[in-house]
Amino acid sequence: MNDKGTLISVEDALDIVLGETRKFGIEEIDFKLSDGRILKEEIKADREMPPFDRVSMDGIALKSTVFKSGKRHFKIENIQAAGSKQLTLAHDENCLEAMTGAMLPLGTDAVVPYEQVSIVSGIAHVEVEDISHFQNVHKKGLDRQKNEVLIAKNTKISPAEIGVLATVGKAVVKVAVLPKVAIISTGDELVDVDQIPAPFQIRKSNVHTLDSLLKRFKLNADIFHISDDKEQLRKKISSLLKAYDVLMFSGAVSKGKFDYLPEILDELDVQKLFHKVRQRPGKPFWFGKKDETTFFAYPGNPVSTFVSCLKYFVPWLAKSLETDLQHESFAILAEDFPFLPELTYFLQVKIVNTEGKLMAFPKAGNGSGDLANLSRNDGFLELPSHRTEFKKGEVFPLIQYRY
Ligand SMILES: Nc1nc2c(c(=O)[nH]1)N[C@H]1C(S)=C(S)[C@@H](COP(=O)(O)OP(=O)(O)OC[C@H]3O[C@@H](n4cnc5c(N)ncnc54)[C@H](O)[C@@H]3O)O[C@H]1N2
Ligand code: MOO
Ligand SMILES: [Mg+2]
């Protein structure tokens with residue numbers, strides 16, 4: 001708990017947030033639907049990989065010692081197709097045609113690609129001088145042994161893992177259960193996207209931005225709106241907090257006459273862990289908990305809501321799921337930038353990758369209400385609160401939302 005009115009640092013705020021993570025259980029799902037989910041079991045090889053000596057070039061399979069004894073013309077006995085039972089070379093001085101993906105026929109130990117062979121009336125004339133044992137053969141077990149761990153627990157599943165899950169026959173896979181999230185907007189000035197706003201109204205944007213940010217982590221939140229009415233807020237929040245693991249608010253946490261949220265949450269015995277952070281955007285960020293429900297109450301300004309979700313909720317989710325969701329990244333400030341207030345500043349930047357270096361070009365926009373500016377940029381550069389001049393060439397932490 002911090003005393004009223006003082007701002008806590010971004011670092012302290014993040015520590016407190018990360019102190020409130022929890023697990024939500026494990027569930028089994030169809031592996032085909034598991035992309036982006038967090039694996040909660042080790043995946044092992046069910047067979048050696050490859051499971052047999054796999055022919056890796058289309059050509060002819062022969063005995064390399066017969067070739068080394070000087071033989072260059074080989075009678076073709078048959079064709080070893082991929083997916084067919086393993087054939088056996090009947091006579092050492094002959095050969096078999098063998099297709100990529102097929103089992104290497106018994107009695108052979110090398111494959112000569114068709115490009116190095118000419119075939120005339122069933123005889124293969126090998127046109128190279130040297131052949132080595134097991135050339136163009138992907139040896140059984142070369143990649144992985146049976147029961148070897150192929151994917152570690154807590155891996156975030158990507159299409160690469162989907163392929164491995166399929167290969168080992170893991171049709172159903174254990175993944176982390178995701179928290180149930182309610183995204184709640186407040187404010188009588190807000191109307192829905194499909195409505196025509198009156199001159200004094202705006203369309204709700206933050207809840208949709210938050211919802212799409214969460215969808216990136218496979219979270220399907222429910223969206224609610226509560227008007228600036230104390231009774232409404234109290235009633236609705238007290239029912240939502242029983243049904244969700246996370247309540248995520250946008251708005252009504254600053255000093256406005258209708259910013260009822262801190263007061264209502266207090267009345268509902270939601271424990272405030274902090275309110276107001278030494279940062280911009282996002283200063284009035286309120287964070288708390290009640291029993292098993294965690295409350296992220298972002299300031300209503302769209303850029304504040306956006307960056308607070310990235311800076312605090314995503315690491316919270318990652319730690320709750322015991323994985324990395326937003327790898328730590330840095331970028332080089334491409335121009336000098338002054339920022340006088342003693343606040344950590346999340347500077348909006350356009351990222352240009354120059355010869356492998358991430359160059360961050362400042363495009364600060366017109367403050368945390370300027371949501372259109374988010375669309376001109378790729379991320380936020382985190383400038384520390386104890387400095388006011390930031391020099392071209394310096395490296396700072398980067399939170400990127402577009403790659
Ligand atoms: N006297 C002071 N006034 C303000 C302070 C302060 O310290 N002293 N803090 C400023 C800062 S910093 C911020 S950030 C805002 C945060 O205000 P609230 O969290 O109370 O947000 P609201 O007042 O509800 O709304 C702010 C702004 O954002 C718009 N908004 C709200 N929800 C949405 C939404 N879902 N979609 C789109 N836009 C939304 C709302 O219309 C307001 O324009 O307080 C400053 N004031
Ligand atoms: O703290 Mo606010 O989000 O800068 O306007
Ligand atoms: Mg307000």
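With charges only on Cβ, +1 for K and R and -1 for D and E, what is the dipole size of the chain about its Cα centre, in debye, rounded to 20? The dipole magnitude comes to about 340 debye. A cut-off of 5 Å between modelled amide H atoms, ignoring neighbours fewer than 5 places along the same chain, links Phe249 with Ile184, Phe296, Ala297, Tyr298.
Applied to the stretch 122-136, the Karplus parametrisation 6.51 cos²θ - 1.76 cosθ + 1.60 on θ = phi - 60° returns per-residue 3J(HN,Hα) values of x, 10, 9, 9, 7, 10, 10, 8, 9, 9, 10, 4, 6, 5, 6 Hz, with x for Gly and Pro. Phi angles of the stretch 93-106 translate, via the Karplus equation with coefficients 6.51, -1.76, 1.60 and θ = phi - 60°, into HN-Hα couplings of 7, 9, 8, 10, 6, 9, 9, 3, x, 7, 6, 5, x, 4 Hz per residue; Gly and Pro are given as x.
Shape verdict for the stretch 329-400, please, from the Cα gyration tensor: rounded (a/c under 1.5), prolate (a/b greater than b/c) or oblate. The shape class here is oblate. Over all projection directions, the Cα-based convex hull of the stretch 1-95 averages an area of 13.8 nm². Over 29 Å apart at the Cα level, from the set Lys75/Lys146; Lys23/Lys215; Lys215/Lys255; Lys170/Lys289; Lys276/Lys319, are Lys75/Lys146; Lys215/Lys255; Lys170/Lys289. The angle between the Cα long axis of helix 230-243 and the main principal axis of the chain comes to about 30°, on a 0 to 90 degree scale. Pull out a ≥ b ≥ c, the square roots of the eigenvalues of the alpha-carbon gyration tensor of the chain, then state rounded if a/c is under 1.5, prolate if not and a/b is larger than b/c, and oblate in the remaining case. Prolate, because a/c is 1.5 or more and a/b exceeds b/c.
Close amide H pairs (under 5 Å, H built 1.01 Å from N) link Ile202 with Leu190, Val191, residues at least 5 positions away or on another chain. Short-range pairs are left out: with C-alpha atoms under 8 Å and at least six residues apart, the relative contact order of the chain is 16 percent.
If you roll a 1.4 angstrom probe over the protein chains with everything in place, what fraction of the accessible area of the chain belongs to carbon and sulfur, to the nearest %?
Reported share for carbon and sulfur atoms: 52 percent.
Computed packing ranks the peptides 69-78, 277-286, 181-190 as 277-286, 181-190, 69-78, most packed first, by mean other Cβ atoms within 10 Å.
For the chain, the longest principal axis of the C-alpha atoms and the axis of helix 206-215 are separated by about 30°.
When the Cα positions of Ser375, Phe390, Phe346 are compared along the charge dipole of the stretch 329-400, Ser375 comes out farthest toward the positive end, with charges on each C-beta of Lys, Arg, Asp and Glu.
For the stretch 57-208, the alpha carbon convex hull comes to 232 Å³ per residue, rounded to a whole number. Separation of the stretch 150-196 and the stretch 76-144, taken as the distance between their Cα centroids, equals 46 angstrom.
Solvent-accessible surface of protein heavy atoms, probed at 1.4 angstrom with all chains present, puts His225, His275, His386, His327 in the order His386, His327, His225, His275, largest first. Shape class of the stretch 125-252 from the Cα gyration tensor (axes a ≥ b ≥ c, square roots of the eigenvalues): prolate, since a/c reaches 1.5 or more and a/b is larger than b/c.
In the context of the full set of protein chains, residues of the chain present 49 Å² of accessible surface per residue (probe radius 1.4 Å, heavy atoms only). Converting phi to 3J(HN,Hα) with the Karplus coefficients 6.51, -1.76 and 1.60 and the offset θ = phi - 60°, the stretch 297-309 yields 10, 7, x, x, 4, x, 6, 5, 4, 4, 6, 5, 5 Hz in sequence order, with x at every glycine or proline.
The values are calculated or read from the model by the stated rules, or taken from the named source; none is laboratory data. Fair warning: this is a prediction, and the values are worked out from it, not measured in the lab. Please note: Cβ atoms are built from the backbone with ideal geometry, for glycine as well, and neighbour counts cover all protein chains shown. Heads up: the accessible areas ignore ligands, DNA and RNA and are worked out on the full protein's heavy atoms, side chains in. Shrake-Rupley method; radii C 1.70, N 1.55, O 1.52, S 1.80 Å.
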